[in-house]
Amino acid sequence: MNTPTKKLIMAGGALVVLVLVSCGLTGCKAPWDKDRNQGNSTVPITGTAEIPGLPPDPGEAGKATLAGIDSDNDGVRDDELIAIVKRYPNDKNKQSALIQDAKVLQEAIIAGSLSDKQEVFRIAKAISRSLDCLRQRTEDPSIESSFIEDIAINTKARGEAYGNFNSI
(Lines give C-alpha, C1' and ligand atoms only; values in the text may rest on other atoms or scores of the structure.)
Protein backbone atom coordinates (compact mmCIF):
# COMPACT_ATOMS: atom_id res chain seq x y z
CA MET A 1 0.00 0.00 0.00
CA ASN A 2 3.01 2.37 -0.20
CA THR A 3 2.11 3.65 -3.63
CA PRO A 4 3.47 6.92 -5.01
CA THR A 5 -0.07 8.35 -4.94
CA LYS A 6 -0.48 7.55 -1.27
CA LYS A 7 2.90 9.14 -0.50
CA LEU A 8 1.90 12.26 -2.44
CA ILE A 9 -1.38 12.53 -0.53
CA MET A 10 0.44 12.14 2.79
CA ALA A 11 3.00 14.80 1.83
CA GLY A 12 0.23 17.18 0.76
CA GLY A 13 -1.62 16.62 4.04
CA ALA A 14 1.56 17.28 6.00
CA LEU A 15 2.09 20.52 4.08
CA VAL A 16 -1.45 21.71 4.85
CA VAL A 17 -0.97 20.95 8.55
CA LEU A 18 2.38 22.78 8.52
CA VAL A 19 0.83 25.92 6.98
CA LEU A 20 -2.09 25.89 9.42
CA VAL A 21 0.21 25.43 12.42
CA SER A 22 2.53 28.13 11.13
CA CYS A 23 -0.36 30.60 10.82
CA GLY A 24 -1.44 29.76 14.35
CA LEU A 25 2.04 30.25 15.76
CA THR A 26 2.87 33.45 13.91
CA GLY A 27 -0.40 35.22 14.45
CA CYS A 28 -0.49 35.82 10.72
CA LYS A 29 -4.02 35.61 9.38
CA ALA A 30 -4.72 32.97 6.79
CA PRO A 31 -5.26 34.19 3.24
CA TRP A 32 -8.88 33.08 3.30
CA ASP A 33 -9.80 35.30 6.28
CA LYS A 34 -12.91 37.41 5.70
CA ASP A 35 -11.08 40.76 5.78
CA ARG A 36 -8.74 39.80 3.00
CA ASN A 37 -8.34 42.54 0.45
CA GLN A 38 -7.49 41.30 -3.01
CA GLY A 39 -7.17 44.68 -4.68
CA ASN A 40 -4.37 45.74 -6.96
CA SER A 41 -1.34 46.11 -4.70
CA THR A 42 1.02 47.64 -7.21
CA VAL A 43 -0.55 51.06 -7.75
CA PRO A 44 2.00 53.64 -6.56
CA ILE A 45 0.77 56.55 -4.49
CA THR A 46 2.97 59.58 -4.19
CA GLY A 47 1.43 61.68 -1.43
CA THR A 48 0.07 60.78 1.99
CA ALA A 49 -2.84 63.18 1.50
CA GLU A 50 -4.23 60.64 -0.97
CA ILE A 51 -4.49 57.98 1.74
CA PRO A 52 -6.93 58.82 4.53
CA GLY A 53 -5.88 58.03 8.08
CA LEU A 54 -2.12 58.24 7.61
CA PRO A 55 -0.11 60.49 9.91
CA PRO A 56 1.89 63.35 8.41
CA ASP A 57 5.41 62.53 7.28
CA PRO A 58 7.70 63.34 10.23
CA GLY A 59 10.59 64.30 7.94
CA GLU A 60 13.94 64.93 9.60
CA ALA A 61 12.32 65.20 13.05
CA GLY A 62 11.52 61.49 12.75
CA LYS A 63 15.24 60.72 12.52
CA ALA A 64 16.29 62.64 15.65
CA THR A 65 15.99 59.65 18.04
CA LEU A 66 16.14 55.85 17.86
CA ALA A 67 12.42 55.64 18.57
CA GLY A 68 11.48 58.18 15.91
CA ILE A 69 7.93 59.50 15.79
CA ASP A 70 5.00 57.15 16.33
CA SER A 71 2.09 59.58 16.68
CA ASP A 72 -0.54 56.89 17.35
CA ASN A 73 1.69 54.77 19.66
CA ASP A 74 1.03 51.55 17.71
CA GLY A 75 4.68 50.46 17.66
CA VAL A 76 5.28 51.50 14.05
CA ARG A 77 7.11 54.73 13.28
CA ASP A 78 5.06 57.10 11.15
CA ASP A 79 7.63 57.14 8.32
CA GLU A 80 7.52 53.32 8.16
CA LEU A 81 3.72 53.19 8.15
CA ILE A 82 3.56 55.73 5.33
CA ALA A 83 6.10 53.76 3.25
CA ILE A 84 4.24 50.46 3.81
CA VAL A 85 0.85 51.85 2.85
CA LYS A 86 2.35 53.57 -0.20
CA ARG A 87 3.97 50.29 -1.27
CA TYR A 88 0.73 48.30 -1.01
CA PRO A 89 -2.13 50.78 -0.82
CA ASN A 90 -4.81 48.20 -1.62
CA ASP A 91 -3.46 45.06 0.02
CA LYS A 92 -4.21 44.84 3.74
CA ASN A 93 -2.59 41.38 4.00
CA LYS A 94 0.79 42.62 2.80
CA GLN A 95 0.47 45.80 4.86
CA SER A 96 -0.21 43.71 7.96
CA ALA A 97 2.80 41.46 7.38
CA LEU A 98 5.11 44.42 6.76
CA ILE A 99 3.75 46.28 9.79
CA GLN A 100 4.43 43.23 11.97
CA ASP A 101 7.99 43.12 10.65
CA ALA A 102 8.45 46.88 11.16
CA LYS A 103 7.31 46.60 14.78
CA VAL A 104 9.81 43.90 15.70
CA LEU A 105 12.65 45.63 13.87
CA GLN A 106 11.90 48.78 15.84
CA GLU A 107 11.97 46.69 19.03
CA ALA A 108 15.32 45.25 17.91
CA ILE A 109 16.74 48.73 17.36
CA ILE A 110 15.67 49.86 20.82
CA ALA A 111 16.84 46.61 22.47
CA GLY A 112 20.19 46.91 20.71
CA SER A 113 20.76 50.20 22.43
CA LEU A 114 20.07 48.59 25.82
CA SER A 115 21.98 45.28 25.45
CA ASP A 116 19.35 43.27 27.37
CA LYS A 117 19.97 39.60 26.43
CA GLN A 118 16.55 38.33 27.55
CA GLU A 119 14.82 41.02 25.51
CA VAL A 120 17.03 40.20 22.52
CA PHE A 121 15.97 36.53 22.63
CA ARG A 122 12.29 37.49 22.89
CA ILE A 123 12.61 39.85 19.94
CA ALA A 124 14.58 37.32 17.89
CA LYS A 125 11.66 34.90 18.24
CA ALA A 126 9.24 37.67 17.21
CA ILE A 127 11.40 38.43 14.16
CA SER A 128 11.25 34.76 13.18
CA ARG A 129 7.44 34.85 13.43
CA SER A 130 7.25 38.06 11.41
CA LEU A 131 9.42 36.51 8.68
CA ASP A 132 7.11 33.48 8.62
CA CYS A 133 4.21 35.87 8.10
CA LEU A 134 6.07 37.61 5.25
CA ARG A 135 6.67 34.20 3.63
CA GLN A 136 2.94 33.48 3.78
CA ARG A 137 1.72 36.81 2.46
CA THR A 138 4.28 38.02 -0.06
CA GLU A 139 5.78 36.68 -3.26
CA ASP A 140 9.37 37.47 -2.26
CA PRO A 141 9.81 37.78 1.51
CA SER A 142 13.52 38.58 1.27
CA ILE A 143 12.79 41.67 -0.84
CA GLU A 144 10.03 42.77 1.54
CA SER A 145 12.23 42.20 4.59
CA SER A 146 14.99 44.27 2.97
CA PHE A 147 12.44 46.99 2.17
CA ILE A 148 11.49 47.24 5.85
CA GLU A 149 15.11 47.10 7.03
CA ASP A 150 16.03 49.96 4.67
CA ILE A 151 13.24 52.09 6.13
CA ALA A 152 13.81 51.06 9.76
CA ILE A 153 17.57 51.52 9.74
CA ASN A 154 17.69 54.94 8.14
CA THR A 155 20.15 56.67 10.46
CA LYS A 156 23.65 55.88 11.67
CA ALA A 157 22.44 55.54 15.28
CA ARG A 158 19.70 53.08 14.29
CA GLY A 159 22.19 51.09 12.23
CA GLU A 160 24.59 50.89 15.15
CA ALA A 161 21.83 49.86 17.57
CA TYR A 162 20.59 47.18 15.16
CA GLY A 163 24.15 45.94 14.65
CA ASN A 164 24.52 45.73 18.42
CA PHE A 165 21.25 43.80 18.65
CA ASN A 166 22.57 41.28 16.13
CA SER A 167 25.86 40.88 18.01
CA ILE A 168 24.37 40.29 21.47
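The values are calculated or read from the model by the stated rules, or taken from the named source; none is laboratory data. Being a predicted model, the structure only gives us computed values, none of them experimental. For neighbour counting, all protein chains shown are included, and Cβ atoms are generated from backbone atoms with ideal geometry for every residue, glycine included. Ligands, DNA and RNA are excluded from the accessible area calculation, which covers all protein heavy atoms including side chains. Shrake-Rupley method; radii C 1.70, N 1.55, O 1.52, S 1.80 Å.
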Report summary line: Extension length gain for residue 155 and residue 60 (0.36 nm per residue less Cα distance), in nm, is 33.2 nm
Report summary line: Output ordering of 143-149, 78-84 (per-residue mean of other Cβ within 10 Å, highest first) is 78-84, 143-149
Requested in this report: Kindly rank 96-104, 120-128 from highest to lowest mean number of other beta carbons found within 10 Å of each residue.
Outcome: 96-104, 120-128
Query raised in the report: How far is it, in nm, from the label point at residue 67 to the one at residue 128 when both lie 7 Å from their Cα along the line to the Cβ?
Result: 2.9
Report task. For segment 117-168, report the accessible area per residue in Å² (1.4 Å probe, heavy atoms, rounded to an integer). Result -> 56
